[in-house]
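Participant: First, the structure itself, so that you have it in front of you.
Derivation of every value follows stated rules applied to the coordinates shown; laboratory data play no part. The model shown is predicted, which means the values in this text are computed figures rather than measured ones. Every residue, glycine among them, receives a Cβ derived from its backbone with ideal geometry; neighbour counts consider all protein chains shown.
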Amino acid sequence: MSEPLCAEGLARIETVTGRGMITLKGELESRRYKNVLAKALDLPLPGPLSCAFNGARGVGWMAPDEVLILVPGEEVPEALARLRNKIGDHHITAVDVSDARAQFRLTGPGAREVLAKLSPVDFAPARFAPGTFRRTRLAQVPVAVWQKEEDVFGLVCFRSVADYVAGLLVNAAAPGSGVGYFASGG
C-alpha cells in the first residue's frame with residue numbers, strides 16, 4: 001500500500017500494519033496434527049469457515065489443508081520456529097507471507113453493509129457472526145474476511161491489489177451511501 005489508510009463513513013476503514021501472516025499447509029484433518037498445531041499456536045485449530053483469536057494472535061481456516069496464522073510482525077520468526085519444532089516429521093509448509101499481503105480492519109455498525117456491497121458472501125448477522133472466516137472475492141479480487149467480534153471485521157488481500165481494495169472499501173463506506181439492509185433485519 002502506498003500509505004496507511006484511515007477513513008470514516010458507514011464504517012471506519014483502516015490499514016493494519018505490523019502484522020505477521022503465516023500460511024500453513026498440511027494434514028489438518030489428522031487429530032494428532034490438530035493437537036500439535038493447537039499447542040504450537042496456543043489456539044484451537046478452527047474448523048471450516050471459522051477462526052479463533054487470542055488477543056493479537058489468530059488462526060483462520062482457508063481450506064481443508066490450509067490455515068492463515070496472524071501474529072504480531074516481530075513474532076513471525078519465533079512462531080515459524082515453534083511450528084517447525086512441534087510438528088517434527090509431519091509434512092507441512094509454513095511460509096511467512098507478511099510482505100505479500102495487506103490487512104484492513106473495518107469497524108462500526110456499518111462495516112457489515114460495506115462488505116456486503118462488495119462480496120457475494122451472506123453477511124447477515126445470523127450467517128456471519130464473530131468467529132466466522134471466509135475466502136471470497138471483493139469486486140473480483142481474492143480476499144479473506146473474518147469477524148473477530150461484534151462490528152469488527154478483518155480483511156486480507158494480496159499487497160499488489162491493496163490500493164485498489166482500499167479504494168473499493170472507502171467508496172463502499174462513503175457517507176450517505178448506506179442501504180440500511182441489515183438495520184431493517186435483513
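Participant: Tell me, in nm to one decimal, what length is gained between residue 17 and residue 137 on full extension, where the rule is 0.36 nm per residue of separation less the Cα-Cα distance?
Facilitator: 41.0 nm
Participant: According to the square roots a ≥ b ≥ c of the eigenvalues of the Cα gyration tensor, what is the shape class of the chain, taking rounded for a/c under 1.5, prolate for a/b larger than b/c otherwise, and oblate for the remainder?
Facilitator: Because a/c hits 1.5 or more and a/b exceeds b/c, the chain counts as prolate.
Participant: Label-point separation (nm) for residue 179 and residue 158, each offset 7 Å from Cα along Cα-to-Cβ?
Facilitator: Roughly 2.7 nm, to one decimal.
Participant: What is the gain in length, in nm to one decimal, between residue 96 and residue 39 on full extension, counting 0.36 nm per residue of separation less the C-alpha to C-alpha distance?
Facilitator: Difference between extended and current length: 18.6 nm.
Participant: Just add up the charged neighbours of residue 142: K/R +1, D/E -1, any other residue whose Cβ is under 15 Å from the Cβ of residue 142.
Facilitator: Neighbourhood net charge equals +4.
Participant: On to the next question. Take a quick pass over the chain and tell me how many lysine pairs come in under 28 angstrom between Cα atoms, counting only ones 8 or more apart or on separate chains.
Facilitator: Lysine pair count for the chain: 10.
Participant: Percent relative contact order of region 1-100, based on C-alpha pairs within less than 8 angstrom and at least six residues apart?
Facilitator: Result for region 1-100 is 34 percent.
Participant: Just order 104-114, 172-182 by mean Cβ neighbour count inside 10 Å, highest at the front, would you?
Facilitator: Final packing ranking: 104-114, 172-182.
Participant: I would also like to ask the following. Could you give each residue of region 59-64 its phi-based ³J(HN,Hα) in whole Hz, using Karplus coefficients 6.51, -1.76, 1.60 with θ = phi - 60°, and x for Gly or Pro?
Facilitator: My calculation for region 59-64 gives 9, x, 6, 9, 6, x Hz in order.
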